[in-house]
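All of the numbers you see were taken from the coordinates with simple rules; none came from a lab. Keep in mind it's a predicted model, so treat the numbers as computed, not measured. Heads up, the Cβs are rebuilt from the backbone with ideal geometry, glycines too, and the neighbour counts pull from every protein chain shown.
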Amino acid sequence: METPAQAAGDPEAKDGDLDNPVSRAPASLATHRHQLALEFVHADLKYRAHVGFFANGNQPAELFLDSSKPNSVIDAFASDAAILISLLLQRGSSVTEIGHALRRTPNGEAASLIGAAIDELSKLPPTASEPVA
């Protein structure tokens, strides 16, 4: 039986082969996982984030975002951005890797909500799912 990566055109690929971007299958998430809630401001709007972690407890695996303006265009954008960030994290991209790919303002700040969310993830301590003293 051929894998999805092989069906996409790579006969040597195996699902989960991180060297082959076609085959980057999402990592499995535990049913019960550590989560952390945080709030931040970007472009004068408040956002609430919920971060879910892989079983090791120190790598973000998923992000949920919503804005202080429920059911607005920016709220929908925040939610969609979080889904895309989660997909990248679950397919092996690191927070640092994602952050380096995003646009910055001349003073080095995140140019978009996506960058601001990634900046918030990068501030988390290595064991963020555990209480910080």
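Within the range 62-79, which residues are within 21 Å of residue 36 (Cβ to Cβ) and either in contact (Cβ under 8 Å) with a residue 40 or more places away in the chain or of a type outside the set (Gly, Ala, Ser) (or both)?
To start, the set of residues in the range 62-79 that are within 21 Å of residue 36 (Cβ to Cβ) comprises 62-68, 75, 78-79.
Scanning the range 62-79 gives 62, 63, 64, 65, 66, 75.
Taking residue 82, is it in contact with a Leu (Cβ under 8 Å, 6 or more places away or on another chain) and closer than 11 Å to residue 121 by Cα? Break it down into steps so the answer makes sense when it comes.
Working: in contact with a Leu (Cβ under 8 Å, 6 or more places away or on another chain): yes; closer than 11 Å to residue 121 by Cα: no.
Considered against the rule, which asks whether it is in contact with a Leu (Cβ under 8 Å, 6 or more places away or on another chain) and closer than 11 Å to residue 121 by Cα, residue 82 comes out as no.
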| request: Please name all residue pairs, on different chains or six or more residues apart, with Cβ atoms under 8 Å, provided the first residue is in the range 81-105 and is on the phi > 0 side of the Ramachandran plot and the second residue is crowded, with 18+ Cβ neighbours inside 10 Å. | output: 92/24
